[in-house]
Amino acid sequence: MHELSIAQSILDTVLKEKHERGLPRVDQVAVQVGALSGVLPDSLQFCFEAIRIDTELQTCELTIETVPITVECRECYARTTVEDFLFVCPKCGSVHVDVVAGYELDISYLEVPDPVHDPADP
Amino acid sequence: MAEKIDLRKKVLSENDRLAAEIRQRLKSRDTVTFNLVSSPGSGKTSLLERTLKAMKDEVRMALIAGDVQTENDADRLVRAGGERVKPLVTGGSCHLDARMIANVLPEMNLTNVDILFIENVGNLVCPSGFDLGEDMKVVLISTTEGDDKPLKYPAMFRRSSVMVINKIDLLGTSEFSIDTVRRNALSINPDLTIFEVSCRTGEGLDEWFNWLRQRVPERADAAVLT
Ligand SMILES: [Zn+2]
């Protein structure tokens, strides 16, 4: 269950950003989870919701975007998305491919209330 | 209304920063570092025992033995002749992280150490995402497990440079096929260097030892063994 320590890292990072940027609230944190990151999205979601209680982020939603594996072929340079962990170039059949996406474990953005709120503007 | 703030920050950026520091520090000492990963019971400790015993007079080795609760593994390794063995009890955590390594390194004597082994916690999922500053990950599998392990844990096998297949003396007692496990592992990672060994009988270990010898960095000071 390393998702717990990953969730804690996400929470810590958002808290730090919140304080440094003086944000009154963070409504959402979006995280990219690669198919090769070793992180289970459901488990991460569960852990995040469990530890945000009793923090300033108790209303902050975690949005998980899963990133499929993309390989680049060393022979024909084709870039393709592979499924089922098949590390083979579907264009030429070469097994000499480099993973160019799929290891992600990144916080992509935060969603915060709009700071400029004009009550006259509907 | 809402505003989006682009962050594009790695969740494990603090771990990765520390790992890079560790890697730099060990490289500057001409120490090559291996991070050993496997399921529980694959024989990481046995492989390290054998390696320490066989090579202690020619290669200077140090070891960090990670364990969830006890120091049993570390005790075994000290008995095997390991002089620089540091137990690292994670207190429940399912993986080692760079912070734990950075904390124990200053307590170790790393003078002229050729090889540092890090015995990770026994599990093939959680340790895969945590860079410890190693040069390579070595993944262990044994013939008492399923030969489809590489397909079940692709992230770990893709991120490892070496696969050691242990307990080949037990081949034939189960459905495990060496050909199948090799094929499965190479389909995930064709660059894997593979060894077939038995830590019980000693079969195949010489090839592993020879490979390790070749990984030992040339020392600028060419110091003699002390
Ligand atoms: Zn191709």
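Being within 24 Å of B:Ser160 (Cα to Cα) and within 16 Å of the ligand (Cβ to nearest atom) is the filter here, so list the residues in the stretch A:37-77 that pass it.
If the condition is that a residue be within 24 Å of B:Ser160 (Cα to Cα) and within 16 Å of the ligand (Cβ to nearest atom), then A:Ile69, A:Thr70, A:Val71, A:Glu72, A:Cys73, A:Arg74, A:Glu75, A:Tyr77 are the ones that fit.
Residues that are more than 9 Å from every other protein chain (Cβ to nearest Cβ) and either among the hydrophobic types (A, V, I, L, M, F, W, C) or in contact with a Lys or Arg (Cβ under 9 Å, 6 or more places away or on another chain) (or both): does the stretch A:104-112 have at least one?
no
Please find, among B:Leu63, B:Leu36, B:Leu18, B:Leu48, the residue that is open to solvent by less than 80 Å² (accessible area, probe 1.4 Å), more than 14 Å from chain A (Cβ to nearest Cβ), within 22 Å of B:Phe130 (Cβ to Cβ) and part of a helix (DSSP H, G or I).
Numbers: B:Leu63 fails: part of a helix (DSSP H, G or I); B:Leu36 fails: part of a helix (DSSP H, G or I); B:Leu18 fails: more than 14 Å from chain A (Cβ to nearest Cβ).
One residue alone meets the criteria, B:Leu48.
Could you please find all residues in the stretch A:89-109 being near the ligand (Cβ under 9 Å from one of its atoms) and not polar (S, T, N, Q)?
Let us first name the residues in the stretch A:89-109 that are near the ligand (Cβ under 9 Å from one of its atoms), namely A:89-94, A:96-97.
Within the stretch A:89-109, A:Cys89, A:Pro90, A:Lys91, A:Cys92, A:Gly93, A:His96, A:Val97 qualify.
Out of the residues in the stretch A:1-59 that are basic (Lys, Arg) and touching a residue at least 12 places away in the same chain (Cβ under 8 Å), which is farthest from the other protein chains (Cβ to nearest Cβ)? If you could, list the steps in order and put the result at the bottom.
Of the residues in the stretch A:1-59, the ones basic (Lys, Arg) are A:16, A:18, A:21, A:25, A:52.
Then keep just the ones that are touching a residue at least 12 places away in the same chain (Cβ under 8 Å); that gives A:18, A:25, A:52.
Details: A:Lys18: 10, A:Arg25: 10, A:Arg52: 15 Å.
Looking at the filtered set, the residue picked out is A:Arg52.
Let me confirm something: among A:Val67, A:Val82, which residue is modelled with pLDDT under 95 and under 17 Å from A:Gly102 (Cα atoms)? Break it down stepwise before answering.
Numbers: A:Val67 fails: modelled with pLDDT under 95.
Selected residue: A:Val82, the only one of A:Val67, A:Val82 that is modelled with pLDDT under 95 and under 17 Å from A:Gly102 (Cα atoms).
The values are calculated or read from the model by the stated rules, or taken from the named source; none is laboratory data. Given the structure is predicted, the values throughout are model-derived calculations rather than measurements. Every residue, glycine as well, gets a Cβ built from its backbone with ideal geometry; the counts of neighbours run over all protein chains shown. Ligands, DNA and RNA are stripped out before the accessible areas are found, and what is left, the full protein with its side chains, is counted by its heavy atoms. Shrake-Rupley method; radii C 1.70, N 1.55, O 1.52, S 1.80 Å.
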